[in-house]
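Single-structure report; data block below.
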Amino acid sequence: MPEYLPPGNRRPVPAVRSAPTAGRRDYERADDEPALAPMDLRQILTMLRRRVWFIVAVTAACGGAATWVAFNTSPIYRATGTVRLTDTRQQLTGGLVDPAASGGGFRQSSDPVMSEIAVLTSHAVIGKVVDSLPSLRMRTSGFSRLLLKDFDLDAAARDSMYSFAIGLAFGPHEVTATGVDGRTARAAYGMPLSISGAHFAIVSRPREAQGKLTITRRDDAVEGLSGKIEAKPRENTNVIDVSFESTDPVLAQRFVNTLVAVFQMNSVEISAQQARLRRQFVESQLRQNDSLLSAARFALSGFRSHEKAYSAREKFTAQASDLNQVQQQIQDLDLQQRLYTSVLQALGQGKGRESLQQLGALLSSQGTAASPIVTDLYMQMVHLQGARDSLVTAGRAPTNPDVQRIDTLMATSSLRLRTTLQGIVATLATRLTALQQTRAQSSADLSAIPASDADEARLTERESAYQKVADQLRDELQRARLSEAAEVGSVEIVDNAMRPRAPIGTGGNKKILFGALLGLFFGAGCALVIEHLDQSIRGRDDVETTLQLPGLAVIPRLEKTALAKGVRHMLGNGNTAVAKGGAKAVSGALVTVKDSRSVGAEAYRTLRTKLLFSRALSSLKTIVVTSPFAQEGKSTVAANLATTFAQHGMRTLIIDCDLRRPTQHEIFGVSSKPGLTELLMSEALIPGAGRRTSIENLSLITAGALPPDPPELVGSTRMRALLEKLGETFDVIVLDTPPVLPVADSAILASLSDGVLLVVRAGQTDRRAAQLAVQQLQDVDARILGAVLNDPNEQVPIYDQYGYATYYGYANKE
């Protein structure tokens, strides 16, 4: 090729429809995208292969998170004990004791098992467990609680209304503790240490240098533990499984065993208290009835001694008087029964003050005949109510511990009072029924006998009535004594908790495996979603389906190491050639020279073969290589395509027509000036504008200086004349042009060329952008030869050193 190109005559250029310059937003309005066909398994695997690094990253992230959780989460141990609800008192007394009357057996409710579970998980029961196990109040931070043993609190620390913390410093041979008052104490590992009312020992030195031991308030510990107890009844049984979870297996076992033991003892105490109250009440009623019985007997004996001294009329009058007394007693008992019933109703409705007022009026009316047990309970509740009113008046809130403690005592006294009053009402009902029967019988006998006989009958009936009541009360007393003697409750421990051997939940290895599998599936799902939402061209099938163009070649992605290296290429005769002047080496992107047996070089030779076949059908001298947008590999494709033509023995020229971002001078390692701009803007000869390259049969015209208006320059008549003149010298001319959509240069040059190659990149070029690029090229009547796909994931044959395809691999792996 000569060192300069002669200027040609200027000729008018046909009007060319300018390509839009609005950028990527123009193609977003394209609505002619073809519908996607349903994906088969192969397409799914291909999509997953394209996103393999994303899937690997998500899997690694989930696996790493699972590993962190597995190694930084303390294992949880669960201990379970079993209890059964039964009426042991009735079994021991041979059925003589009525569970409802004696306070034993199941509580009367719609669901007795759930009622017992509520008692089991109540703060009162848990509070007793916390008092028995002070270690439940401690919390460790900075070291494992398994290193702490023999924990205990003295009386002052147990009754403390505040939480406090003890600082710990772990030395090589001893531990130093700092109390709330700033005092310090030291002890060797394994030896007891006492500070701020806490007593404990550190078994061995932990890995941490410092730690903290926090002792919480009793109420806070009870509140925290109440939500961790799981009590579940077995279906269709009275059996309850009690479970507790902790990071310390020994503590979990001790807590469950202590809880069921406290629950059982609480049931025994309640049953014994109710039985004792009932016995005391029956004894007081029996003493009163015995006194009345003795009086009745004395009256009958005196009447019989003096019977002859009275007339029949006087006897009848005396018996009628006795009947009136019975009637008066019936009225008194009925009034007492109604009053006691009203007090019970007030207590049941939670009307504490109203019930106390009614009970006080009732006790005042009875005077010395009032029950001493009821009187004591009444005075106790009045005292507690006064104390609570004083605290509330002083501004104490209902959540104040002192107020809550008084509320608990008042609830206990109210329960005892209700039990006592229920016994009184039952006894009054028995006496009332007996007296009513006596009255009825006496009335009948009085009307049927003479007056003297009626008096004797009245006294006899009166004695019989009191004797009957005495017999009933003695039976009740016997039952009450039996119930009190049977020191058992309604709870039976079936199984104590065993020390848990293995933690609950999934093991560490299983957690890691599950996390990795979860990440794999999640990553694959996200990859499929991303692929579905991705509107870019994905493979050669997309090229032919979306663009309706033949896919001439699939170009693999070059390795970054190859692109980074500037290497000297080999000539056909084996000699090493350098760029003119020896200043710069050929870029590694020129893979057809760098490694002629690589996958990339073979792809470019395939493209050359197809273009030569097209050339046989019609004239094909000037070829425009372009793309919808930048960074899609068109310049690399143009350089390697021109190289393959030259290696085929054809006189080849490559012109860098990208007057905005030229790159061909960097690929071939030459200076960019002078070049195409100087040839088109000067009428004189430009020496050095066209230069030979180090590759045989290949010449190059670089872009030269960047002009202010590239479309006007490449669309001039001088550009057409230049192409015609060069066509006389070269067999093939390859034009590396700017992208189609951003600028109009490519459309102008496409109208001047014999064919256009559209380069698209898989995973980057949008379908609608490629369609719009094809449409713009067709608008200027450009002949589109086909599309070249840059696909890093395409499976292509890999050749050995002798030129044989050994196996199939990914295109980006040379």
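The values are calculated or read from the model by the stated rules, or taken from the named source; none is laboratory data. Fair warning: this is a prediction, and the values are worked out from it, not measured in the lab. When we count neighbours, we look across all protein chains shown, and the Cβ atoms used for this are built from the backbone with ideal geometry, even at glycine. What goes into the accessible areas is simple: the full protein's heavy atoms, side chains included, and nothing from ligands, DNA or RNA. Shrake-Rupley method; radii C 1.70, N 1.55, O 1.52, S 1.80 Å.
Could you run the Debye sum over the Cα atoms of region 109-226, one equal point scatterer each and no solvent, and tell me log10 of I(q)/I(0) at q = 0.13, 0.15, 0.17 Å⁻¹, two decimals? Ignoring solvent entirely, the Cα scatterers give -0.54, -0.67, -0.81. Calculated FRET efficiency, residue 441 and residue 338, Cβ-Cβ r, R0 30 Å, to nearest 0.05? Between residue 441 and residue 338 the formula returns 0.75. Here region 647-797 is treated as a Stokes sphere of Kirkwood radius computed over C-alpha pairs; at 4 °C and 1.567 mPa s its diffusion coefficient rounds to 79 µm²/s. Past 27 Å, Cα to Cα, is the threshold; run 128/511; 673/725; 634/725 against it and keep the listed order. Too far apart for the 27 Å limit: 128/511. Between residue 630 and residue 390, the contour length at 0.36 nm per residue exceeds the alpha carbon distance by 77.7 nm.
Taking a sphere under 14 Å around the Cβ of residue 705 and counting the other residues whose Cβ falls inside, with K and R at +1 and D and E at -1, yields a net charge of -1. Quick check: the distance between the Cα centres of region 588-630 and region 116-143, to the nearest angstrom? Cα centroid to Cα centroid, the span is 81 Å. What does the charge count near residue 190 come to, summing +1 for each Lys or Arg and -1 for each Asp or Glu among other residues with Cβ under 13 Å from its Cβ? In short, 0. A straight chain from residue 297 to residue 544 at 0.36 nm per residue would run longer than the Cα-Cα distance by 76.5 nm. Sorting 772-780, 265-273, 161-169 by their mean Cβ neighbour count within 10 Å, with the most densely packed peptide first, gives 772-780, 265-273, 161-169.
Hydrodynamic analysis of region 167-217 uses the Kirkwood radius over alpha carbon pairs. Inserted into Stokes-Einstein at 37 °C and 0.692 mPa s, it gives a translational diffusion coefficient of 297 µm²/s. Fully extending the segment from residue 163 to residue 212, taken as 0.36 nm per residue of separation minus the present Cα-Cα distance, adds 16.3 nm. Selection among 749, 735, 770 by position relative to the dipole of region 711-797 gives 770 as farthest towards the positive end (Cβ unit charges, Cα centre). Counted by Cβ distance under 10 Å from residue 297, the other residues give a net charge of 0, where Lys and Arg count +1 and Asp and Glu count -1. Using the Cβ-Cβ distance between residue 475 and residue 149 with R0 = 60 Å, the FRET efficiency computed as 1/(1 + (r/R0)^6) comes to roughly 0.60.
Between residue 248 and residue 781, the modelled labels are 9.4 nm apart [label points 7 Å from Cα along Cα→Cβ].
Between residue 411 and residue 54, what is the FRET efficiency for a Förster distance of 56 Å, r being their Cβ-Cβ separation, to the nearest 0.05? Show your work: numbers first, answer last.
Details: r = 64 Å, r/R0 = 1.14.
The formula returns an efficiency of 0.30 here.
Ordered from largest to smallest accessible area (heavy atoms of protein chains, 1.4 Å probe), the residues 648, 173 come out as 173, 648. The accessible area of residue 223, taken with all protein chains in place and a 1.4 Å probe, comes to roughly 100 Å².
Evaluating kT/(6 pi eta Rh) at 20 °C and 1.002 mPa s, with the Kirkwood radius of region 496-541 over Cα pairs in the Stokes-Einstein relation, gives 149 µm² s⁻¹. Put simply, the convex hull of the Cα atoms in region 149-297 casts, on average, a shadow of 16.0 nm².
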